[in-house]
Amino acid sequence: MSASDIPQKTWPSPEIVSDLAEVRKHAPLTHVLTNIVVTNWTANVLLAAGASPAMVIAEEEVSEFAAIASGMLINVGTITSFDAKSMKSAAIAAQKARTPWVLDPVAVGALKFRTEVAKELLQYKPTIIRGNASEILALAGAVGGGKGVDSTASSFDALPLAQELATRSEAVVAVSGEVDYITDGKETIAVPGGHIFMTKVTGVGCSLGALIASFLGVQKDPLRAAVSASAVFAIAGSRAAEKSSGTGSFAVTFLDELTNLGI
Amino acid sequence: MSASDIPQKTWPSPEIVSDLAEVRKHAPLTHVLTNIVVTNWTANVLLAAGASPAMVIAEEEVSEFAAIASGMLINVGTITSFDAKSMKSAAIAAQKARTPWVLDPVAVGALKFRTEVAKELLQYKPTIIRGNASEILALAGAVGGGKGVDSTASSFDALPLAQELATRSEAVVAVSGEVDYITDGKETIAVPGGHIFMTKVTGVGCSLGALIASFLGVQKDPLRAAVSASAVFAIAGSRAAEKSSGTGSFAVTFLDELTNLGI
Amino acid sequence: MSASDIPQKTWPSPEIVSDLAEVRKHAPLTHVLTNIVVTNWTANVLLAAGASPAMVIAEEEVSEFAAIASGMLINVGTITSFDAKSMKSAAIAAQKARTPWVLDPVAVGALKFRTEVAKELLQYKPTIIRGNASEILALAGAVGGGKGVDSTASSFDALPLAQELATRSEAVVAVSGEVDYITDGKETIAVPGGHIFMTKVTGVGCSLGALIASFLGVQKDPLRAAVSASAVFAIAGSRAAEKSSGTGSFAVTFLDELTNLGI
């Protein structure tokens, strides 16, 4: 398969516009268990796109909240052993309550503890797995070339193993990169766009994982939900980059573009 | 009582201008125990307004620090069982040292664990309770309609129970909404203003709770301190919204407006 | 010694320009253990300057990661007893693997628990200690005048004890202030510049500590690494202040200036 054989989706494809409009209309309650670097940014991204984020992390509360949320994200970026317990409880509760959820295996492959936790979380059937190429390769059992949270493989290179991982885990797999690839193992869709600044502002990828969880609250087809959220990010990133002088103004303008997209 | 019967206060009422000038002059040391989503934003809000924030959260340190701070905030937004212990110690120390403190019962009513913690914290006599209508209703023992951190009731609807809560708890109660209502059970003041973007940037309400704690460091009348801080937020929010293209630029401009207000 | 006797270094001194270029070229993996207020900001500062930050904090992971990182920061700003364990493990691992590391003793002197932890961490031989005057004085065993995280002494006043601390600890000591002083006990260099807004945006000093750790990944002379990172901050701060209307736009513009410096 060559990259040009893969069908592409971009804003303003009608399904994407419609999915974003549904998010704005229903403000899906999104349960976010994420890393301490990106909590604020992630909440602001979801609010700008019209979703309703809630970071609930206590072991005493996660099961209750996972059951009432419309979608959930588990991101292991700064996981501790306490977080690991909460995340496991949350994943179990989400599976039981049929709350769709997204697993973001940040830096899996580079570090043993989180790699084990992420593999254990896979048992509870995430609806979608989102990561960069190195993370997806590592989770798929291959030897990744990961360096911390930055990917050293391209998203296209990771595609064959991403497809295998999707088939084996029954999750849609979204590989972020210069082009995002989203696959359920059979069908694969490419989402081009975005800008290099998206890798120079911390948490852009992490917040995409959260936004995918918001889209799952209004769009039950996980392949489509992941494609729509990724395409929303790509267009907001492209537009923001044109108006930015550096990574600081890019982050601000990205939120402004999300605020106004499709309105 | 109709909404139009309630006296209003807005910037630049002389007491509000004077209270902000005192904050800038004395830079009150404000002990902030808050949720992990809004720590950075809250610190920047307090610094822009001239206060001196310090996030001290270890059980080993909170009692020592609550005793030397001019004011304190406890916000249960992402509370864990470890936080709950620190918050209890901090509240006890604040009460003992007569450090005025603010309780922000984020998402109380929606989740059992934090609801119990918040009710326990009430024992240690917060000077002010700040929340949205759903949170205040829940804390007052009514059945709230809370959805995560967003309110589904209006601040005016919550006023009768807010007044009861104020009387029963001997705290001033500040209900945030399109109009903020601040009451000690007898006297009630309305603070109009602000902008819808204040609900679309995470932590604006949380940081108002912290700023009220800063104002308590220079203004011993809690009703007046809460009114002044709320009015400062309302005018900064209104002015920032006029210059903003979305939630990203709103957050930035809000800090700029706070930096320059009354100077 | 008078302040005018101390040699100054500022951007665009060739060594500083060269050190920043090396950071951009090699993107040194920087292990950041810092406080919960400044994680996001710190990551964005390092990314804007071309480094590769990774916040890895679990006791299960820190030793593994400290050994593969190019440089490490330990900042005790919001330390808990759990963090203290991780930080000790990380420091031991860094010393063993010869990973250069920076200690930032936030609010040491003002609070007992962290003061003890910081003194214990000194055993594991930080390459550089960075703090404001009060923190450096406290760590040097003097009675500090610290008020939370803000310094009440000037950086020049702290210089004699900073030089003693450098000699005794065998670390380079960087005292931040209106003028930054960097000393190894024998040689001392002054880095002027910056702007008062750098004290009104939370975490500017903390992120300088992290950036020094990044520079240590490409520049093995710790005195020079600290001087270069400090001079990069000073020029970015001076330039950003000229274009800012308040602390909000200052923070954004500071990141933009870092993005573009020397390119």
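What to note about this one:
- Relative contact order of chain A, pairs being alpha-carbon contacts under 8 Å that are 6 or more residues apart, as %: 22
- Three-way shape call for region C:1-109 based on the alpha-carbon gyration tensor, with the a/c threshold at 1.5: prolate
- Here's the picture: a label point sits 7 Å out from the Cα of B:ARG24 along the beta-carbon direction, and within region B:45-83 the residues with their amide nitrogen under 13 Å of it are B:48-51.
- When shorter helices are ignored and each DSSP H run of at least 4 residues is given -39500 (n - 2.57), the per-residue value for chain A at 222 nm works out to -15000 deg cm²/dmol.
- Label-to-label distance, nm, for residues given as A:GLU116 and A:ILE68 (7 Å Cα→Cβ offset): 3.5
- When only Cα pairs below 8 angstrom with a gap of at least 6 residues are kept, region B:125-263 shows a relative contact order of 18 percent.
- Virtual spin-label span in nm between C:GLU242 and A:ALA3, 7 Å along Cα→Cβ: 4.0
- Global form of chain A, assessed from the alpha-carbon gyration tensor, a/c cut-off 1.5: rounded
- The packing ranking of peptides C:254-260, A:89-95, highest mean first, is C:254-260, A:89-95, where packing means the average number of other beta carbon atoms within 10 angstrom of each residue.
- Taken across both chains, chains A and C shield about 2200 Å² of accessible surface from a 1.4 Å probe.
- Shape class for region B:135-263, computed from the alpha carbon gyration tensor (a ≥ b ≥ c): oblate, with a/c not under 1.5 and a/b at or below b/c.
- The mean number of Cβ atoms from other chains found within 10 Å of a Cβ in peptide B:61-70 is 2, as a whole number.
- Rolling a 1.4 Å probe over the heavy atoms of the protein chains gives region A:3-258 an accessible area of 33 Å² per residue.
- Measuring nothing but protein heavy atoms, the accessible surface of region B:46-195 at 1.4 Å probe radius is 51 percent carbon and sulfur.
- Nonlocal amide H pairs with A:GLY71, under 5 Å, H built at 1.01 Å: A:HIS31
- Peptide C:41-54 is shielded by partner chain Cβ atoms: per residue, an average of 5 of them sit within 10 Å of its Cβ.
- Protection proxy ranking, highest mean first, for peptides B:205-211, A:121-127: B:205-211, A:121-127, where packing is the per-residue count of other beta-carbon atoms within 10 Å, averaged.
- Dipole magnitude (debye, nearest 20) for chain A, charges at Cβ of Lys, Arg, Asp, Glu: 160
- Within 10 Å of the Cβ of each residue in B:109-116, the mean number of Cβ atoms contributed by other protein chains is 4.
- Region B:43-75 versus region A:158-203: alpha-carbon centroid distance in Å: 43
- For A:VAL17 and B:GLN123, the FRET efficiency from 1/(1 + (r/R0)^6), where r spans their Cβ atoms and R0 equals 41 Å, is about 0.20.
- Beta bridges per DSSP with both ends in the protein assembly as shown, % antiparallel, nearest 5: 30
- In a fully extended conformation the segment linking A:SER81 and A:LYS96 would gain 3.1 nm over its present Cα-Cα distance, using 0.36 nm per residue.
The values are calculated or read from the model by the stated rules, or taken from the named source; none is laboratory data. Just so it is clear, the model here is predicted, and its values are computed rather than measured. Using ideal geometry, Cβ is built from the backbone for each residue, glycine included, and neighbour counts are taken over all protein chains shown. We work out accessible area using only protein heavy atoms, side chains counted, and drop any ligands, DNA or RNA first. Shrake-Rupley method; radii C 1.70, N 1.55, O 1.52, S 1.80 Å.
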